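The values are calculated or read from the model by the stated rules, or taken from the named source; none is laboratory data. Just so it is clear, the structure is predicted and the values come from calculations on it, not from any experiment. FYI the Cβ positions are ideal-geometry reconstructions off the backbone, even for glycines, and counts take in every protein chain you see.
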Amino acid sequence: MSHPSTLHIDEYDYPLPDERIAKFPLENRADSKLLYFDGHTSCEKKFIDLPQLLPKNSFLIFNETKVVRARLLFKKPTGATIEIFCLEPFEPVNDFQLAFQQTSGVVWKCLVGNVKRWKTGLLSKLIRINGEDITLFAEKITDLSDAFLIRFTWQPAEIHFHEIISVSGLIPLPPYLNREAQPDDTIRYQTVYAKHDGSVAAPTAGLHFTEEILNQLSVKGIENEKVTLHVGAGTFKPVSSDTLAEHEMHVEKMVVPLSALRHLQKKLGQPVIPVGTTSMRTLESLFWMAVKLHQGDESMTVEQWDPYQLKVEEDFSSAKALNTIIDYLEKNQLGALHGQTRLMIAPGYQFRFANGLITNFHQPKSTLLLLVSALIGEDWKTAYDFALTHDFRFLSYGDSSLFLPQTFQSNENTP
């Protein structure tokens with residue numbers, strides 16, 4: 001596998017006028033356009049056409065992470081507003097689900113806006129939960145290189161942090177929308193199948209799905225499985241260096257149930273299509289975790305350059321990789337794989353499970369665009385040119401695409 005560290009990010013740039021960025025969602029989720037790329041050409045479809053466009057026996061992978069109200073605003077007596085953006089739990093536990101169940105006294109890794117106006121001392125704000133007054137306090141305890149450790153406490157102390165953040169926090173919209181969250185965003189910046197709290201950005205490819213479309217997929221015999229990758233703020237981090245060698249990928253936590261792995265095992269050889277780049281990175285990370293397991297490393301961690309540096313035995317297939325993980329989980333009586341990944345999928349990457357991708361249109365010079373290029377090669381340029389010249393809406397609240405770099409027969413035998 002060729003190493004992408006020498007790639008120049010300027011080669012993955014394109015002009016994106018501000019007016020092409022979708023600032024608000026469409027009234028109905030499924031009304032978005034769909035760019036259909038069949039491995040040769042692009043054409044314009046509607047997202048509601050997806051069940052007919054997917055190859056026969058397709059197997060979809062959804063990310064059922066849920067966006068949390070991660071933005072907390074505090075007012076100082078001086079009038080200054082301090083924004084604390086909760087990224088991930090630190091103490092007393094670093095598991096998202098357990099962290100949200102903690103009572104008073106938690107430490108989170110956070111970004112802090114207007115931090116120059118907050119030198120020392122406690123910040124506080126009054127909130128109401130079920131008719132009861134709660135005082136929330138925030139204390140800055142450690143300055144990290146890329147964030148701060150913030151201790152949150154509250155009175156009464158027996159309330160769970162999930163209740164605190166659900167009532168007092170705001171939905172964290174992407175920075176390029178340049179607007180404050182509105183009540184409608186609470187619902188629309190969330191997939192209809194979102195289940196596990198932990199993301200500070202939505203897995204946006206899933207925002208187009210409705211219960212009706214999910215039912216149509218089921219009727220057509222298109223099965224799916226759910227995984228969880230909690231999307232971090234680093235997903236918006238642009239590649240600012242000239243080459244990829246200097247770019248540091250963000251770490252994201254992932255959970256894949258044992259039942260999902262067994263289901264995937266049965267579907268190998270059929271078109272496996274992740275819904276979104278987060279599902280793609282979760283799916284592909286499984287292979288590299290298996291390689292490391294096979295080599296005696298049980299850390300369940302994938303580093304960004306692992307695929308380009310790890311030695312893989314010739315007979316270590318995708319099927320063998322799944323067997324390795326399943327055997328490990330069964331041996332240790334674990335119901336799910338818990339790990340973390342900073343996998344970079346860039347041109348030169350060899351896909352181990354994914355045969356296609358459903359995704360939105362991504363920012364220029366982003367690692368998400370690199371992932372698309374890894375899948376369809378230089379065709380990303382013609383696909384994006386097509387989208388720009390056919391009035392597609394871009395980024396999180398924008399339109400969708402179905403990329404099928406390999407030739408499969410669609411359900412209706414026509415594209």
Checklist entry - If we keep just the residues of the stretch 270-298 that are without any contact (Cβ under 8 Å) to a residue 24 or more places away in the chain and surrounded by fewer than 16 Cβ atoms within 10 Å (Cβ to Cβ), which is nearest to T367 (Cα to Cα)? => result D297
Checklist entry - Quick one: is K119 closer than 17 Å to P89 by Cβ and either modelled with pLDDT under 90 or surrounded by 19 or more Cβ atoms within 10 Å (Cβ to Cβ) (or both)? => result no
Next on the checklist: Can you tell me which condition G198 does not meet? The list is (1) assigned to a loop (DSSP other than H, G, I, E, B); (2) within 30 Å of V272 (Cβ to Cβ), and all the others hold.
Outcome noted: (1)
Next on the checklist: I'd like the full set of residues that are over 20 Å from E64 (Cα atoms), in contact with a helix residue (DSSP H, G or I) (Cβ under 8 Å, 6 or more places away or on another chain) and among the basic types (K, R), limited to the stretch 159-197.
Outcome noted: none
Checklist entry - Tell me, which residue of the stretch 165-176 that is among the hydrophobic types (A, V, I, L, M, F, W, C) and in contact with a strand residue (DSSP E or B) (Cβ under 6 Å, 6 or more places away or on another chain) is farthest from S199 (Cα to Cα)? => result V167
Next on the checklist: If the requirement is being surrounded by 15 or more Cβ atoms within 10 Å (Cβ to Cβ) and either at positive phi or out of contact with any strand residue (DSSP E or B) (no Cβ under 7 Å at 6 or more places or on another chain) (or both), which of these qualifies: H250, H208?
Outcome noted: H250
Checklist entry - From the list T135, T103, which one is of a type in the set (V, I, T), touching a residue at least 12 places away in the same chain (Cβ under 8 Å) and out of contact with any strand residue (DSSP E or B) (no Cβ under 8 Å at 6 or more places or on another chain)? => result T103
Item to check | the stretch 19-50, residues that are under 23 Å from the mean Cα position of the chain (by Cα), in a helix (DSSP H, G or I) and charged (D, E, K, R) | outcome: R20, R29, D31
Checklist entry - Which condition does D315 not pass, out of (1) outside any helix (DSSP H, G or I); (2) closer than 15 Å to A290 by Cβ; (3) in contact with a His (Cβ under 9 Å, 6 or more places away or on another chain), if it passes all the others? => result (3)
Checklist entry - Out of all the residues in the stretch 173-187, is one or more of a type in the set (S, T, N, Q), loosely packed, with under 15 Cβ neighbours inside 10 Å, part of a strand (DSSP E or B) and outside the structural domain of I21 (by TED's automatic domain parsing)? => result no
Next on the checklist: Taking the criterion of being among the hydrophobic types (A, V, I, L, M, F, W, C), within 20 Å of A80 (Cβ to Cβ) and either surrounded by 13 or more Cβ atoms within 10 Å (Cβ to Cβ) or not assigned by TED's automatic domain parsing to the domain that holds K195 (or both), would at least one residue in the stretch 149-158 satisfy it?
Outcome noted: yes
Next on the checklist: One residue is enough: does the stretch 388-397 have a residue meeting the conditions assigned to a loop (DSSP other than H, G, I, E, B), under 17 Å from the mean Cα position of the chain (by Cα) and farther than 26 Å from S241 by Cβ?
Outcome noted: yes
Item to check | Residues being in contact (Cβ under 8 Å) with a residue 40 or more places away in the chain and within 27 Å of the chain's Cα centre (by Cα) - total across the stretch 314-335 | outcome: 9
Next on the checklist: Looking at the structure I just gave you, is F90 within 25 Å of E284 (Cα to Cα) and buried (at least 19 other Cβ atoms within 10 Å of the Cβ)?
Outcome noted: no
Item to check | Condition met for W305 (in contact with a His (Cβ under 9 Å, 6 or more places away or on another chain), among the aromatic types (F, W, Y) and surrounded by 15 or more Cβ atoms within 10 Å (Cβ to Cβ)) | outcome: yes
Next on the checklist: Going through T282, T235 one at a time, which residue ends up being modelled with pLDDT under 95 and either in a helix (DSSP H, G or I) or touching a Ser or Thr at 6+ places or on another chain (Cβ under 8 Å) (or both)?
Outcome noted: T235
Checklist entry - Which residues, taken from the stretch 85-133, are basic (K, R) and assigned to a strand (DSSP E or B)? => result K109, K125, R128
